[in-house]
Amino acid sequence: MSAVVRRGLRATVAGLTLALALSGCSMLDGQDEPEAETTPAPSQTAVQNAVDSQFTRDGTFQSHIDIDGVDFVYTMYPTKSTPRTNEWYPGGNKFFTVTLQGYDLDRGLRDKFATKRKVYLDRVSVRSTTMTEAGPGTETPYRLNVDARKVTFDPEPVTTDKGMLITSPKGSFELRNQKIGAMSPDTRGVTLAFNATVWIEESPGSKKFYKRQVRQSVPIAIFESDTPTVATRIPINSN
(Lines give C-alpha, C1' and ligand atoms only; values in the text may rest on other atoms or scores of the structure.)
Protein backbone atom coordinates (compact mmCIF):
# COMPACT_ATOMS: atom_id res chain seq x y z
CA MET A 1 0.00 0.00 0.00
CA SER A 2 1.44 3.33 -0.97
CA ALA A 3 2.06 6.16 1.48
CA VAL A 4 -0.55 8.27 -0.27
CA VAL A 5 -3.21 5.61 0.16
CA ARG A 6 -2.27 5.11 3.85
CA ARG A 7 -2.57 8.84 4.48
CA GLY A 8 -5.98 8.82 2.77
CA LEU A 9 -7.25 5.95 4.98
CA ARG A 10 -6.04 7.67 8.14
CA ALA A 11 -7.86 10.87 7.15
CA THR A 12 -11.06 8.93 6.46
CA VAL A 13 -10.92 7.13 9.86
CA ALA A 14 -10.24 10.40 11.67
CA GLY A 15 -13.16 11.99 9.89
CA LEU A 16 -15.49 9.16 10.84
CA THR A 17 -14.32 9.26 14.47
CA LEU A 18 -14.95 13.01 14.65
CA ALA A 19 -18.38 12.59 13.06
CA LEU A 20 -19.33 9.86 15.56
CA ALA A 21 -18.12 11.97 18.46
CA LEU A 22 -20.16 14.92 17.27
CA SER A 23 -23.13 12.66 16.68
CA GLY A 24 -22.79 11.25 20.22
CA CYS A 25 -22.82 14.73 21.73
CA SER A 26 -25.91 15.55 19.74
CA MET A 27 -27.71 12.42 21.03
CA LEU A 28 -26.78 13.19 24.62
CA ASP A 29 -27.98 16.77 24.24
CA GLY A 30 -31.24 15.44 22.86
CA GLN A 31 -31.69 13.25 25.96
CA ASP A 32 -31.00 16.14 28.32
CA GLU A 33 -33.60 18.41 26.77
CA PRO A 34 -36.72 16.36 27.73
CA GLU A 35 -35.43 16.03 31.31
CA ALA A 36 -35.19 19.80 31.55
CA GLU A 37 -38.75 20.08 30.27
CA THR A 38 -40.09 17.72 32.98
CA THR A 39 -38.81 19.97 35.77
CA PRO A 40 -41.17 22.95 35.68
CA ALA A 41 -40.51 26.12 37.60
CA PRO A 42 -42.57 26.75 40.78
CA SER A 43 -46.08 27.67 39.71
CA GLN A 44 -49.72 27.77 40.73
CA THR A 45 -49.80 23.96 40.40
CA ALA A 46 -47.01 23.61 42.96
CA VAL A 47 -48.92 25.85 45.35
CA GLN A 48 -52.06 23.75 44.96
CA ASN A 49 -50.12 20.53 45.50
CA ALA A 50 -48.79 22.02 48.74
CA VAL A 51 -52.38 22.10 50.09
CA ASP A 52 -52.71 18.51 51.27
CA SER A 53 -56.49 18.29 51.63
CA GLN A 54 -58.37 15.11 52.43
CA PHE A 55 -61.56 17.15 52.09
CA THR A 56 -60.73 18.18 48.51
CA ARG A 57 -59.28 14.82 47.48
CA ASP A 58 -61.99 12.54 48.94
CA GLY A 59 -64.97 14.89 48.95
CA THR A 60 -65.23 14.46 52.72
CA PHE A 61 -63.15 14.86 55.88
CA GLN A 62 -63.27 12.88 59.11
CA SER A 63 -61.01 12.92 62.16
CA HIS A 64 -60.95 10.99 65.45
CA ILE A 65 -59.63 12.85 68.49
CA ASP A 66 -59.17 10.80 71.67
CA ILE A 67 -59.55 12.85 74.85
CA ASP A 68 -59.55 10.82 78.07
CA GLY A 69 -61.08 7.80 76.37
CA VAL A 70 -63.75 9.73 74.49
CA ASP A 71 -63.51 9.63 70.70
CA PHE A 72 -64.56 13.00 69.30
CA VAL A 73 -65.42 12.64 65.60
CA TYR A 74 -65.49 15.66 63.29
CA THR A 75 -67.07 14.97 59.90
CA MET A 76 -67.20 17.60 57.15
CA TYR A 77 -68.45 17.40 53.56
CA PRO A 78 -69.61 19.74 50.78
CA THR A 79 -73.35 20.17 50.40
CA LYS A 80 -75.38 19.61 47.23
CA SER A 81 -75.13 23.33 46.55
CA THR A 82 -71.41 23.03 45.66
CA PRO A 83 -70.70 19.28 45.69
CA ARG A 84 -67.63 19.14 43.40
CA THR A 85 -64.62 20.18 45.48
CA ASN A 86 -62.41 20.34 42.36
CA GLU A 87 -64.59 23.26 41.26
CA TRP A 88 -64.10 25.34 44.38
CA TYR A 89 -62.66 28.57 42.97
CA PRO A 90 -61.70 31.87 44.68
CA GLY A 91 -64.82 33.68 43.45
CA GLY A 92 -68.33 32.77 44.55
CA ASN A 93 -69.63 31.03 47.68
CA LYS A 94 -68.79 27.45 48.69
CA PHE A 95 -71.01 25.46 51.11
CA PHE A 96 -70.27 22.68 53.60
CA THR A 97 -71.84 20.78 56.50
CA VAL A 98 -69.99 19.69 59.65
CA THR A 99 -70.96 17.34 62.50
CA LEU A 100 -69.41 16.47 65.87
CA GLN A 101 -70.14 13.46 68.10
CA GLY A 102 -68.51 11.85 71.12
CA TYR A 103 -68.10 8.06 71.64
CA ASP A 104 -67.26 6.62 75.07
CA LEU A 105 -64.45 4.22 74.19
CA ASP A 106 -64.74 2.53 77.60
CA ARG A 107 -68.03 1.00 76.44
CA GLY A 108 -69.14 -1.01 73.43
CA LEU A 109 -71.25 0.61 70.72
CA ARG A 110 -74.23 -1.57 71.67
CA ASP A 111 -73.92 -1.08 75.43
CA LYS A 112 -76.82 0.59 77.21
CA PHE A 113 -76.71 4.34 76.96
CA ALA A 114 -76.99 4.71 80.75
CA THR A 115 -73.59 3.00 81.10
CA LYS A 116 -71.81 5.61 78.97
CA ARG A 117 -70.28 8.91 80.03
CA LYS A 118 -72.26 11.92 78.91
CA VAL A 119 -70.56 14.58 76.82
CA TYR A 120 -72.04 18.04 76.33
CA LEU A 121 -71.03 20.59 73.71
CA ASP A 122 -71.09 24.19 74.93
CA ARG A 123 -69.66 26.50 72.25
CA VAL A 124 -68.18 26.12 68.77
CA SER A 125 -65.83 28.62 67.17
CA VAL A 126 -64.18 28.52 63.75
CA ARG A 127 -61.57 30.80 62.27
CA SER A 128 -60.30 30.70 58.71
CA THR A 129 -56.94 31.51 57.13
CA THR A 130 -56.01 31.60 53.45
CA MET A 131 -52.99 30.70 51.33
CA THR A 132 -52.19 32.64 48.17
CA GLU A 133 -49.64 32.17 45.40
CA ALA A 134 -47.35 34.54 47.29
CA GLY A 135 -47.83 32.90 50.71
CA PRO A 136 -50.22 33.33 53.67
CA GLY A 137 -53.23 35.51 52.91
CA THR A 138 -55.01 38.05 55.09
CA GLU A 139 -58.68 37.25 54.39
CA THR A 140 -61.17 35.44 56.66
CA PRO A 141 -63.83 34.03 54.31
CA TYR A 142 -65.53 32.07 57.13
CA ARG A 143 -65.88 32.63 60.86
CA LEU A 144 -68.12 31.33 63.65
CA ASN A 145 -68.48 31.70 67.42
CA VAL A 146 -71.80 30.38 68.68
CA ASP A 147 -73.71 28.57 71.40
CA ALA A 148 -73.94 25.08 69.88
CA ARG A 149 -77.48 24.31 71.05
CA LYS A 150 -78.81 27.43 69.28
CA VAL A 151 -77.47 26.59 65.82
CA THR A 152 -77.50 22.78 65.60
CA PHE A 153 -79.87 21.26 63.03
CA ASP A 154 -81.95 19.52 65.73
CA PRO A 155 -84.47 22.14 66.94
CA GLU A 156 -84.85 20.33 70.29
CA PRO A 157 -81.46 18.95 71.35
CA VAL A 158 -81.06 17.39 74.80
CA THR A 159 -79.51 20.20 76.86
CA THR A 160 -78.31 21.09 80.35
CA ASP A 161 -76.42 24.05 81.74
CA LYS A 162 -73.30 22.46 80.19
CA GLY A 163 -74.64 22.63 76.64
CA MET A 164 -76.14 20.08 74.24
CA LEU A 165 -75.68 16.30 74.44
CA ILE A 166 -73.36 14.87 71.77
CA THR A 167 -72.78 11.38 73.18
CA SER A 168 -73.50 8.86 70.42
CA PRO A 169 -76.06 7.61 69.57
CA LYS A 170 -78.43 9.94 71.46
CA GLY A 171 -76.86 13.24 70.54
CA SER A 172 -75.03 14.90 67.66
CA PHE A 173 -74.08 18.45 66.70
CA GLU A 174 -74.85 19.25 63.05
CA LEU A 175 -74.23 22.55 61.31
CA ARG A 176 -75.61 22.62 57.76
CA ASN A 177 -74.97 24.69 54.65
CA GLN A 178 -72.19 26.89 55.98
CA LYS A 179 -70.89 29.48 53.53
CA ILE A 180 -67.25 30.13 52.72
CA GLY A 181 -67.25 33.49 50.98
CA ALA A 182 -65.36 34.79 47.96
CA MET A 183 -61.60 35.31 48.22
CA SER A 184 -58.91 37.13 46.25
CA PRO A 185 -58.19 35.66 42.79
CA ASP A 186 -54.72 34.41 43.82
CA THR A 187 -56.08 32.29 46.71
CA ARG A 188 -55.02 28.64 46.44
CA GLY A 189 -56.14 27.28 49.81
CA VAL A 190 -58.17 27.98 52.92
CA THR A 191 -57.93 26.30 56.32
CA LEU A 192 -60.81 26.10 58.79
CA ALA A 193 -59.71 25.79 62.44
CA PHE A 194 -62.50 24.33 64.61
CA ASN A 195 -62.55 24.65 68.40
CA ALA A 196 -65.31 22.99 70.45
CA THR A 197 -65.74 23.56 74.18
CA VAL A 198 -67.04 20.33 75.73
CA TRP A 199 -67.90 18.97 79.17
CA ILE A 200 -67.04 15.32 79.87
CA GLU A 201 -68.65 13.31 82.66
CA GLU A 202 -66.06 11.86 85.07
CA SER A 203 -67.83 8.48 85.19
CA PRO A 204 -71.22 7.18 83.99
CA GLY A 205 -74.00 8.63 86.13
CA SER A 206 -71.65 10.68 88.33
CA LYS A 207 -73.01 14.01 87.06
CA LYS A 208 -69.58 15.49 87.69
CA PHE A 209 -68.03 17.12 84.63
CA TYR A 210 -64.79 18.74 83.53
CA LYS A 211 -64.11 21.01 80.56
CA ARG A 212 -61.93 20.33 77.52
CA GLN A 213 -61.23 21.90 74.11
CA VAL A 214 -61.54 19.77 70.96
CA ARG A 215 -59.53 21.34 68.12
CA GLN A 216 -59.30 20.33 64.48
CA SER A 217 -57.93 22.08 61.37
CA VAL A 218 -59.30 21.26 57.92
CA PRO A 219 -57.26 22.44 54.89
CA ILE A 220 -59.15 22.97 51.63
CA ALA A 221 -57.63 23.45 48.17
CA ILE A 222 -58.88 26.35 46.05
CA PHE A 223 -58.34 26.13 42.28
CA GLU A 224 -57.36 28.95 39.94
CA SER A 225 -60.19 30.20 37.73
CA ASP A 226 -61.60 33.44 36.39
CA THR A 227 -65.05 31.87 36.73
CA PRO A 228 -66.61 31.99 40.22
CA THR A 229 -67.76 28.87 42.02
CA VAL A 230 -71.30 28.03 40.89
CA ALA A 231 -73.71 27.37 43.77
CA THR A 232 -77.01 25.61 43.13
CA ARG A 233 -80.01 26.77 45.12
CA ILE A 234 -81.20 24.00 47.47
CA PRO A 235 -83.83 23.78 50.24
CA ILE A 236 -82.64 25.27 53.51
CA ASN A 237 -82.99 21.88 55.24
CA SER A 238 -81.14 20.02 52.48
CA ASN A 239 -77.62 18.72 52.86
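The number of residues in the range 120-145 being assigned to a strand (DSSP E or B), without any contact (Cβ under 8 Å) to a residue 40 or more places away in the chain and in contact with a strand residue (DSSP E or B) (Cβ under 8 Å, 6 or more places away or on another chain) comes to 3.
Restricting attention to the range 157-191, the residues that are in a strand (DSSP E or B) and either in contact (Cβ under 8 Å) with a residue 60 or more places away in the chain or surrounded by fewer than 18 Cβ atoms within 10 Å (Cβ to Cβ) (or both) add up to 16. Listed conditions (1) without any contact (Cβ under 8 Å) to a residue 40 or more places away in the chain; (2) surrounded by 13 or more Cβ atoms within 10 Å (Cβ to Cβ) are all met by Pro235, apart from (2).
In this structure, is Lys116 open to solvent by 20 Å² or more (accessible area, probe 1.4 Å), touching a Phe, Trp or Tyr at 6+ places or on another chain (Cβ under 9 Å) and not acidic (Asp, Glu)? Quick ask: steps written out before the conclusion?
Values: open to solvent by 20 Å² or more (accessible area, probe 1.4 Å): no; touching a Phe, Trp or Tyr at 6+ places or on another chain (Cβ under 9 Å): yes; not acidic (Asp, Glu): yes.
Answer is no for this residue.
One line per residue, one yes/no per condition, for (1) open to solvent by less than 70 Å² (accessible area, probe 1.4 Å); (2) among the small types (Gly, Ala, Ser); (3) over 30 Å from Arg117 (Cβ atoms):
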| site | (1), (2), (3) |
| --- | --- |
| Ala193 | yes, yes, no |
| Gly205 | yes, yes, no |
| Gln216 | yes, no, no |
| Thr227 | no, no, yes |
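Residue under question is Arg110, and the condition is that it be free of Cβ contacts under 8 Å to residues at least 40 places away in the same chain, buried (at least 16 other Cβ atoms within 10 Å of the Cβ) and not in a strand (DSSP E or B); does it hold? So Arg110 fails the test.
The values are calculated or read from the model by the stated rules, or taken from the named source; none is laboratory data. Keep in mind that what you see is a predicted model, and the values were worked out from it rather than measured. Neighbour counts run over all protein chains shown; Cβ positions are idealised from the backbone, glycine included. With ligands, DNA and RNA removed, areas are computed over all heavy atoms of the protein, side chains included. Shrake-Rupley method; radii C 1.70, N 1.55, O 1.52, S 1.80 Å.
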